[in-house]
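Inspection log for the structure reproduced underneath, given as structure tokens.
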Amino acid sequence: MRAARIAAAVLALVLAGAGPAAAEKLVISLSSSRVLITPNFTGAELVLFGSVERDAQTVARHGGYDIVVTVTGPRETVTTFRKARVFGIWVNAQSRTFVRPPSYLAVLANRQINDIADLDTLRRTQTGLARTLLPQEISGDIGDSTRGDPFRQAFLRLKVEHGLYREQQNAVTFLTPALFRATVPLPDNVPTGIYEIDVKLFGDGALLTRSPTAFEIVKVGFEQFVAGAARDHGILYGLATTLMALLTGWFASVVFRKD
Amino acid sequence: MQIYLPIAELPVNVLLILFMGLAVGFISGMFGIGGGFLMTPLLIFIGIAPAVAVASVASHVAASSFSGAITYWRRRALDPALAAMLLVGGLIGTTAGVWLFTLLRAIGQLDLTIGLSYLILLSAVGGMMVVESLRAIIRAREGKPAEVRRPGSHMWIHGLPLKMRFKTSKIYVSVIPICTIGFIIGFIGAIMGIGGGFLLVPALIYIIRVPTGVVIGTSMVLTLVTMAYATVMHAATNHLVDAVLALILMIGGVIGAQFGARAGQRFSSEQLRLLLGILVLAVGLRFAFDLVVQPADLFTVRTIEGLP
């Protein structure tokens, strides 16, 4: 136990770059740091390129490298409801509120995540959808939900059905043993905001290094103008919409006037 | 042909939305109703958030009822004094309804309330309309004269004080029931996201005894003002009105309404009431089905708040 702890501490030092220059480094680059939402936006795909940098002292990895890319969208507060029959009708009887889970979450890997490292390592590094922390609020207290919790499972399942959460085994491709490419799929219902990307490099079942990057999804042009007006000048926007409605109605009555 | 909706935050097919506007507009023109009770569930069905759907449909209903109201005004088939009295109650009712809407949303029972209101109201009103119009049609078939309004058959409502003469409608009636009806329609409309024309028309005919000729035009004025008011309120408080969605809906809606109004003239008023009754009843039963039958998925997720 103590040996393991020391080993972990040493590993942490090595990862922090304080040790000898023996560890791998990740160099990553995104195809775009801004995804623009225009009137014809129907989803997008970002491509992430990365390379594993080694030097002469880096130890050889027999099992090769594994990459897990985790993309986390802006956080929101979500309530999951469970229906139950009350007096013969189905009503939302129970609910759990998840505290600031990501609105979008994609875990992309080059092979089965369970084969990349052992469960303990995966859990510690929060790798994979099933091991994501999803704290929930239960009667005022905030605690992490257990894996078997039906509300947690339902939340993950529904998010996957909406296309906002995903775990893909084959989304990372190694072009050469040290150069990889990952495709980040962004469905048409993605929320706008800052998306964080965490690229983890595994070798021989251990986390070797990780590297963060980020991109942004923004509305531009007309979309931005409308959304901005609705948010900042609510009453004016409402009056303008009403005026538009009246003009449309008047126009129709003029065009279709019979006499 | 896809277009991204800036407030609903998802792309939709323009032609599909336009077609929905046309179809609902046709029905609203035919029966002289706003069509909100059909449009709101349809939008929710294609994936638009319920709150955005309710808020955007309000402006769509305002557009189609304005178009209709102008047509009825040209034919002098609306009663401005009656509409004004209805509006007094209607605007107070809308304000009260929005207040309850916010309260129910805070305690998490809004969906159930909306579902139950749709179920009870639509089934009851639809059922009554079907029965009443079937009776009238059967009577007509048997060659008996239509039930005539006898001067002596006044209800207790006609004995209330604060009587006022409505020249266009040729009725002399207390303003109390009129304001009350306006209040109820505004209140229910704000909670259910509907204009309430399908409730107002029978209420005016059966309770106030307004002549059928001016009922639809007058009802459209109330719908127009409450829905325009609701659009501004939704935009100011919740920022959920999607102007792009609303514009596509209203273009389809006003065109459909014109054809609907022409189609409506081919039917007798009993037949129209029967058709509308069946339609209202069908939507009510659809909500009953959702509430009574075990849903395929017991779980739902709802975003409570976005970014801070």
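Bear in mind these aren't lab numbers, they're just calculated from the coordinates by the rules spelled out. These figures come from a predicted structure and were not determined experimentally. Heads up, the Cβs are rebuilt from the backbone with ideal geometry, glycines too, and the neighbour counts pull from every protein chain shown.
Within 10 Å, count the other beta carbons around each residue, average over each peptide in B:65-77, B:24-36, and list them highest first.
B:24-36, B:65-77
Just need the Rg to Rh number for region A:112-232, please, alpha carbons only, Kirkwood Rh.
Computed over Cα atoms, the ratio is 1.03.
Do you know the relative contact order of chain B, to the nearest whole percent, from alpha carbon pairs under 8 angstrom that are 6+ apart?
Computed over chain B, the figure is 40 percent.
What translational diffusion coefficient, to the nearest whole µm²/s, does region A:220-259 have by Stokes-Einstein, given a Kirkwood radius computed over alpha-carbon pairs, a temperature of 25 °C and 0.890 mPa s viscosity?
Here the translational diffusion coefficient equals 211 µm²/s.
What angle, in degrees between 0 and 90 and rounded to the nearest 10, separates the Cα long axis of helix A:221-232 from the longest principal axis of the Cα atoms of chain A?
That works out to roughly 80 degrees.
Shielding of A:81-92 by partners, i.e. mean partner chain Cβ atoms within 10 Å per residue?
5
Of A:Thr213, A:Val99, A:Ala178, whose Cα points farthest to the positive end of the dipole of region A:23-219 (charges on the beta-carbon: +1 Lys, Arg; -1 Asp, Glu; origin at the Cα centre)?
About the Cα centre, the residue reaching furthest to the positive side is A:Val99.
Against the longest principal axis of chain B, how steep is helix B:269-292, in degrees 0 to 90 to the nearest 10, with axes from Cα atoms?
Value to nearest ten degrees: 40.
In peptide B:226-234, what is the residue-averaged number of other protein chain Cβ atoms found within 10 Å of each Cβ?
Working: counts 0, 2, 7, 2, 2, 8, 9, 3, 3.
Mean partner-chain Cβ count within 10 Å for B:226-234: 4.
Relative contact order of chain A, please, whole-number percent, based on alpha carbon pairs below 8 angstrom and at least 6 residues apart.
25 percent
Find the lysine pairs in the protein assembly as shown meeting two conditions, Cα atoms under 30 Å apart and a separation of 8 or more places or different chains, and report how many there are.
Lysine pairs meeting the criterion: 8.
Could you state the principal axis extents of the C-alpha atoms in chain A, from the largest down, to the nearest angstrom?
So the three principal-axis extents are 90, 50, 29 Å.
Between A:Arg111 and B:Ile205, how high is the FRET efficiency from 1/(1 + (r/R0)^6) when r is the Cβ-Cβ distance and R₀ = 60 Å? Nearest 0.05.
Efficiency at R0 = 60 Å is approximately 0.25.
Could you work out how far the C-alpha centroid of region B:44-88 sits from that of region B:231-308, in angstrom?
Between the Cα centre of region B:44-88 and that of region B:231-308, the gap is 13 Å.
Find, to one decimal place in angstroms, the Kirkwood hydrodynamic radius of region B:250-308, where the mean of 1/r is taken over every pair of different Cα atoms and then inverted.
Taking the inverse mean of 1/r over all distinct Cα pairs, region B:250-308 comes out at 15.5 Å.
Report the extension gain between A:Leu179 and A:Ser51 in nm, rounded to one decimal, defined as 0.36 nm multiplied by the number of residues separating them, less their alpha carbon distance.
Working it through step by step, the gained length comes to 45.6 nm.
Using only atoms on other chains, find how many Cβ atoms lie within 10 Å of each Cβ of peptide A:100-108 and report the average.
Across A:100-108, the average partner-chain Cβ count within 10 Å equals 1.
Once you charge only the Cβ atoms, +1 for Lys and Arg and -1 for Asp and Glu, what is the size of the charge dipole of region A:23-219 about its Cα centre, to the nearest 20 debye?
500 debye
Take the alpha carbon atoms of region B:1-43, find their radius of gyration, then divide it by 2.2 N^0.38 Å using N residues; give the quotient.
1.28
Rank by packing, highest mean first: peptides B:92-105, B:248-261, with packing defined as the count of other Cβ atoms within 10 Å averaged across residues.
B:248-261, B:92-105
Highest mean first, what order results for B:213-224, B:262-273, B:280-291 on Cβ atoms within 10 Å?
Those peptides, ordered most packed to least, come out B:213-224, B:280-291, B:262-273.
Counting other C-beta atoms within 10 Å, and keeping those with at most 14, which DSSP coil GluC sites (Glu not before Pro) do you find in region A:129-194?
Values: sites: A:Glu137, A:Glu161, A:Glu167; in loops: none.
Nothing satisfies the criteria.
Projecting each Cα onto the charge dipole of chain A (Lys/Arg +1, Asp/Glu -1 at the beta carbon, about the Cα centre), which of A:Asn189, A:Thr70, A:Pro39 comes out farthest on the positive side?
Positive-most Cα among the choices belongs to A:Asn189.
Quote to one decimal, in nm, the extra length available between A:Val255 and A:Ile89 on full extension: 0.36 nm per residue of separation minus the C-alpha distance between them.
Gain on stretching A:Val255 to A:Ile89: 55.0 nm.
I'd like the Kirkwood hydrodynamic radius of the protein assembly as shown, using the inverse of the mean 1/r over distinct C-alpha pairs, in Å.
Computed over the protein assembly as shown, the radius equals 27.0 Å.
Could you give the angle, 0 to 90 degrees to the nearest 10, between helix A:2-15's Cα long axis and the longest principal axis of the Cα atoms of chain A?
It works out to around 70 degrees.
Once the Cα gyration tensor of chain B is found, what semi-axes does its equivalent ellipsoid get, as square roots of 5 times the eigenvalues, in whole Å, sorted largest first?
After scaling each eigenvalue by five and taking roots: 32, 21, 20 Å.
What is the antiparallel percent of DSSP beta bridges lying wholly in chain A, to the nearest 5?
DSSP beta bridges in chain A are roughly 90 percent antiparallel.
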